[in-house]
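J.: Would you mind keeping the following structure in view while I ask a few things?
The values are calculated or read from the model by the stated rules, or taken from the named source; none is laboratory data. Note that the coordinates shown come from a computational prediction; the quantities given were computed from them, not determined experimentally. Every residue, glycine as well, gets a Cβ built from its backbone with ideal geometry; the counts of neighbours run over all protein chains shown.
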Amino acid sequence: MNKVIKLLIGLGLLTFVNFSALQLFSQEIIISQNQFKSKLYNLNYYIKTAIDDKSKLLYVYSGDTLITINLSKFSELGRFKLKLPDLQEVSHEVLFPKFLKGELYFVHNQGGYLFRLSNDSLVRVDNSYNHKMQCDASILVRDDTLYKFGGYGFWSNRNFFTYFNYSTKEWDVVQPFNQEVPPGVSFADTYIDKNKIYVFNGLYQDEWDYQKSKELDQIWVFDFSSGIWKYLGKRKISASNYKMKISGENYFIMMDKTSLFKLDFPKNRTYIYRSSSLSSSIVANSIYYSGYMYLFTANSSSDSPIILQKVKEDMLLQELKDVKRIYISPNRIYYLLLIIILIPFLGLIFWINFKRNKNNKRIILKDGEIKYQKLVKQIDDPSYKILKALLDKNELDTNGLLELIDNKDLHYSHRTRVLHQLITELNLKLTLLTGINEDFILVKKSELDKRIKSYYLNKSMF
């Protein structure tokens, strides 16, 4: 009996430990009892978020319901059905929550409408209208100011920031201080790093056919402190299969079916991780905040509830596959092209200099003179003929050289002594000219007849 009791206690402790471990590494809150379906909108239009950084509150705008979550305790504080204003062009899909100035606002993603949350209803605060000139613009908050970048309308995309002016209650344009600006784009992503906002991804219009959209492969950054745009380069990682993202301040992950791409713009690095069962369960854009990921997940069943999970980064990013640059700087491309052009040119210059230096270290025979570098020495005709003949042929025997000397009236032995004397004097002259203490005209025994001497030049010096 005691053994049974001990076994039950052990199982209970094991269950408690496992449950505690699960609670430690992954916590969950049910957002919706079933997944939304729409032919026009994906889940990113049904599940949207905003964070109150001071109070550590997360607002989840799910369908027609607003849910408040305490991030410190990761517990739900309440939820209610959000009442919309009586405007024909306002629906839950086109409103995006943003927290600023201590209150929760809802931005219309097509035009100028802006609403503030009051109890369970929305109160309009703008003097604008739904101009539909910034459809699907990027919406962001910086220094308690609400901004939009880009957006589509009237067969073209915008390429500037607008901000909501609380004094006039209208939207004004942020005027850049340089002429280099990005192309107009909609559906763009942004990455905020202090005063800099990086703009990437999204769609722009074909300049030859305004009804066609193309994927933006450029990376731009806008510095709010200087008001200057800068083109950083072309994106190296394709975003054509990119479906969802996990984003936060100084944080951005793109996801597709096989990989997760963590982007670090200040370092220009993309960390590529292999997808996992957890990443495959993410069904909507999620957020990163204060060291944790808040992921909207569901299983493959159509009636599965949508759950918000709080997890550490290493639970999602486990297997690093590769590290690449986010973009290639245009300066880097120019440098590469310059190197490609310069290498053959420098090679040619090197070859010319090598030949010139090589020739400078060689003895040149020309017009009865021998030249070495800048030194020139006149030589007699027989000596010139001997050097010329030895240069033209690999080697000559004694008789071959004697024919070059105009003293046939002399006895053979005398002519031979004269020849040896000429060769000795030539070696001495060449040594004095070059400063190299070695024989330039060499002698050896003939391979055909050992009694016959053959003469040849050290041609490495000529």
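J.: Starting from residues that are farther than 28 Å from Leu448 by Cα and outside any strand (DSSP E or B), keep the ones in the range 374-401 and report whichever is modelled with the lowest pLDDT.
T.: Of the residues in the range 374-401, the ones farther than 28 Å from Leu448 by Cα are 374-381.
Restricting the remaining residues to those that are outside any strand (DSSP E or B) gives 374, 379-381.
Numbers: Lys374: 74, Ile379: 79, Asp380: 81, Asp381: 80.
Among those that are farther than 28 Å from Leu448 by Cα and outside any strand (DSSP E or B), it is Lys374.
J.: When the residues of the range 434-446 are filtered to those that are in contact with a strand residue (DSSP E or B) (Cβ under 8 Å, 6 or more places away or on another chain) and part of a loop (DSSP other than H, G, I, E, B), which remaining residue is farthest from Ile423 (Cα to Cα)? Give the derivation first.
T.: Just the residues of the range 434-446 that are in contact with a strand residue (DSSP E or B) (Cβ under 8 Å, 6 or more places away or on another chain), to begin with: 434, 440-446.
If we keep only those that are part of a loop (DSSP other than H, G, I, E, B) as well, we get 440, 446.
Numbers: Phe440: 9, Ser446: 18 Å.
Taking the candidates together, the pick is Ser446.
J.: Of the residues that sit in the range 109-157 and are at pLDDT below 95 and basic (Lys, Arg), which one is farthest from Tyr61 (Cα to Cα)?
T.: This residue is Lys132.
J.: Related question: Residue by residue through the range 102-125, note down the ones that are out of contact with any helix residue (DSSP H, G or I) (no Cβ under 7 Å at 6 or more places or on another chain), more than 19 Å from Ile67 (Cα to Cα) and part of a strand (DSSP E or B).
T.: Here is the first cut: in the range 102-125, the residues out of contact with any helix residue (DSSP H, G or I) (no Cβ under 7 Å at 6 or more places or on another chain) are 102-107, 111-125.
Now narrow it down to the ones that are more than 19 Å from Ile67 (Cα to Cα): 111-114, 124-125.
Leu114, Arg124 - these are the residues of the range 102-125 that are out of contact with any helix residue (DSSP H, G or I) (no Cβ under 7 Å at 6 or more places or on another chain), more than 19 Å from Ile67 (Cα to Cα) and part of a strand (DSSP E or B).
J.: Report, by residue number, each residue of the range 273-294 that is out of contact with any helix residue (DSSP H, G or I) (no Cβ under 9 Å at 6 or more places or on another chain) and either free of Cβ contacts under 8 Å to residues at least 24 places away in the same chain or assigned to a strand (DSSP E or B) (or both). Step through it out loud before you land on a result.
T.: Taking the range 273-294 as the starting set, the residues that turn out to be out of contact with any helix residue (DSSP H, G or I) (no Cβ under 9 Å at 6 or more places or on another chain) are 274-275, 277, 280-281, 286-287, 289-290, 294.
Residues satisfying the conditions are Arg274, Ser275, Ser277, Ser280, Ser281, Ser286, Ile287, Tyr289, Tyr294.
J.: Looking at the range 85-105, which of the residues that are crowded, with 19+ Cβ neighbours inside 10 Å and of a type in the set (A, V, I, L, M, F, W, C) is farthest from Asp52 (Cα to Cα)?
T.: Val90
J.: Okay, next question. Taking Ser55, is it at pLDDT below 95 and either in contact with a Ser or Thr (Cβ under 6 Å, 6 or more places away or on another chain) or not β-branched (Val, Ile, Thr) (or both)?
T.: Numbers: at pLDDT below 95: no; either in contact with a Ser or Thr (Cβ under 6 Å, 6 or more places away or on another chain) or not β-branched (Val, Ile, Thr) (or both): yes.
So Ser55 fails the test.
A quick yes/no check of all residues on (1) modelled with pLDDT under 95; (2) buried (at least 16 other Cβ atoms within 10 Å of the Cβ); (3) among the hydrophobic types (A, V, I, L, M, F, W, C); (4) over 21 Å from Lys194 (Cβ atoms):
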position	(1), (2), (3), (4)
Ile253	no, yes, yes, no
Asp256	yes, yes, no, yes
Leu260	no, yes, yes, yes
Ile282	yes, yes, yes, yes
Tyr289	no, yes, no, no
Thr297	yes, yes, no, yes
Ser300	yes, no, no, yes
Asp303	yes, no, no, yes
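J.: Is it the case, given these coordinates, that Tyr198 is modelled with pLDDT under 95 and assigned to a strand (DSSP E or B)?
T.: no
J.: While we're on this one: Which members of the range 126-143 meet the condition of being of a type in the set (A, V, I, L, M) and either surrounded by fewer than 15 Cβ atoms within 10 Å (Cβ to Cβ) or assigned to a loop (DSSP other than H, G, I, E, B) (or both)?
T.: As a first pass, look at the range 126-143 and keep what is of a type in the set (A, V, I, L, M): 133, 137, 139-141.
Within the range 126-143, Met133, Ala137 qualify.
J.: Can you work out which of the residues in the range 305-315 that are out of contact with any Gly (no Cβ under 8 Å at 6 or more places or on another chain) and touching a residue at least 60 places away in the same chain (Cβ under 8 Å) is surrounded by the fewest Cβ atoms within 10 Å (Cβ to Cβ)?
T.: It comes out as Pro305.
J.: Scan the range 207-232 and report the pairs whose first residue is surrounded by fewer than 18 Cβ atoms within 10 Å (Cβ to Cβ) and whose second residue is assigned to a strand (DSSP E or B), with Cβ atoms within less than 6 Å and a gap of 6+ or a chain change.
T.: Ser213/Leu203; Lys214/Tyr204; Asp217/Lys234; Asp217/Arg235; Asp223/Lys196; Lys230/Val221; Tyr231/Trp220
J.: Within the range 312-337, how many residues are part of a helix (DSSP H, G or I), farther than 30 Å from Ser279 by Cβ and either charged (D, E, K, R) or modelled with pLDDT of 65 or more (or both)? Write out each step before concluding.
T.: Let us first name the residues in the range 312-337 that are part of a helix (DSSP H, G or I), namely 313-316, 330-337.
If we keep only those that are farther than 30 Å from Ser279 by Cβ too, we end up with 330-337.
Those still in the list that are either charged (D, E, K, R) or modelled with pLDDT of 65 or more (or both) too: 330-332.
Adding up the residues that qualify gives 3.
J.: Further, regarding this structure: Can you tell me which residue is modelled with the lowest pLDDT among those in the range 209-244 that are of a type in the set (Lys, Arg) and closer than 18 Å to Lys324 by Cβ? Quick ask: steps written out before the conclusion?
T.: Pass one, the range 209-244, residues of a type in the set (Lys, Arg): 212, 214, 230, 234-236, 243.
With closer than 18 Å to Lys324 by Cβ added as a condition, the list becomes 234-236.
Working: Lys234: 92, Arg235: 91, Lys236: 88.
Checked the range 209-244; the qualifying residue modelled with the lowest pLDDT is Lys236.
J.: Residues in the range 260-287 that are of a type in the set (Ser, Thr, Tyr) and within 26 Å of Tyr327 (Cβ to Cβ): how many?
T.: Pass one, the range 260-287, residues of a type in the set (Ser, Thr, Tyr): 270-271, 273, 275-277, 279-281, 286.
Then drop every residue that is not within 26 Å of Tyr327 (Cβ to Cβ), which leaves 270-271, 273, 275, 279, 286.
Selection size over the range 260-287: 6.
J.: With respect to the numbered conditions (1) outside any loop (DSSP other than H, G, I, E, B); (2) touching a Ser or Thr at 6+ places or on another chain (Cβ under 7 Å), which one is the sole condition not fulfilled by Gly184?
T.: (1)
J.: While we're on this one: Checking the condition under 20 Å from the mean Cα position of the chain (by Cα) and part of a loop (DSSP other than H, G, I, E, B), which residue from Lys230, Lys267 passes? Outline the logic, then answer.
T.: Numbers: Lys230 fails: part of a loop (DSSP other than H, G, I, E, B).
Being under 20 Å from the mean Cα position of the chain (by Cα) and part of a loop (DSSP other than H, G, I, E, B) holds for just one of Lys230, Lys267, which is Lys267.
J.: If you scan the range 414-462, which residues turn out to be more than 16 Å from Leu404 (Cβ to Cβ), of a type in the set (D, E, K, R) and surrounded by 12 or more Cβ atoms within 10 Å (Cβ to Cβ)?
T.: Passing the criteria: Lys429, Asp439, Lys459.
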